[in-house]
Amino acid sequence: MKILCIGRNYGKHAKELGNEIPDKPVIFSKPDTALLKNNEPFYIPTFSDDVHYETELVIKIDKIGKSIAPQFAHKYYSQITLGIDFTARDIQSELKSKGLPWELAKAFDHSAVIGEFIPINEYPIQDLHFQLEKNGLIVQNGHTADMLFKVDEIISFVSNYFTLKTGDLIFTGTPEGVGKVNIGDTLIARLEGRELLNFNIK
Ligand code: ZN
């Protein structure tokens with residue numbers, strides 16, 4: 001399976017990092033070794049002093065597809081969760097300044113945390129509220145209505161380049177409020193009030 005991610009998909013987050021609003025989706029990927037699930041702890045890697053959480057809606061693809069039209073994209077997923085796109089911001093800033101690819105900052109082991117999957121049919125996908133709580137304080141509040149590129153547009157776009165397969169995951173971007181994690185932190189992510197992730201930073 002593969003993990004595809006979209007960057008800068010919420011205007012206020014793009015601005016907080018000093019980035020322009022993109023005119024087409026910014027896509028990057030992570031290997032399957034990036035996955036971390038079942039609320040296992042995340043160990044801060046030794047190569048970064050500034051690992052940030054980015055809380056994101058995650059879509060699980062459940063049917064093979066290529067060049068999917070936006071109006072049919074909803075047929076290709078039925079489960080969602082929340083995830084954390086851990087980012088070594090110090091490394092990313094250095095790579096960005098040199099115009100280099102982001103993999104070392106974004107695709108390292110356990111950088112793609114996923115919560116418990118739930119069926120989408122309970123929820124309107126572009127009207128979902130989600131939040132991240134760090135050590136008892138709400139640090140991110142997202143609303144999927146604020147996505148610059150909607151879920152079905154993202155699926156259509158990426159499927160022109162990559163055949164989507166059953167089990168593939170799509171991280172759909174983070175709202176503003178990203179920040180550093182430290183050893184001892186607890187992160188809890190909720191979608192419409194429902195806890196989907198609860199894990200510790202070590
Ligand atoms: Zn992200």
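Remarks
- Residue check, H13 crowded, with 19+ Cβ neighbours inside 10 Å and at pLDDT below 95: yes
- F72 being open to solvent by 50 Å² or more (accessible area, probe 1.4 Å) and in contact with a strand residue (DSSP E or B) (Cβ under 9 Å, 6 or more places away or on another chain): yes
- Residue within region 120-136 that is under 21 Å from K15 (Cβ atoms) and open to solvent by less than 30 Å² (accessible area, probe 1.4 Å) present: yes
- Scanning region 161-176 for residues that are surrounded by 20 or more Cβ atoms within 10 Å (Cβ to Cβ) and either within 19 Å of K12 (Cβ to Cβ) or at pLDDT below 95 (or both) yields a total of 5.
- Screening the candidates V113, V139, V158 for the property of being within 16 Å of the ligand (Cβ to nearest atom) and surrounded by fewer than 18 Cβ atoms within 10 Å (Cβ to Cβ) yields one hit, V139.
- Segments classed as strands (runs of 3 or more DSSP E), wholly inside region 23-105, with at least 1 members that are among the charged types (D, E, K, R) and more than 16 Å from the ligand (Cβ to nearest atom): 55-61
The values are calculated or read from the model by the stated rules, or taken from the named source; none is laboratory data. Everything numeric in this text was worked out from a predicted model, so none of it was measured. Every residue, glycine as well, gets a Cβ built from its backbone with ideal geometry; the counts of neighbours run over all protein chains shown. Note: accessible area is taken over every heavy atom of the protein model, side chains too, but ligands, DNA and RNA are not part of it. Shrake-Rupley method; radii C 1.70, N 1.55, O 1.52, S 1.80 Å.
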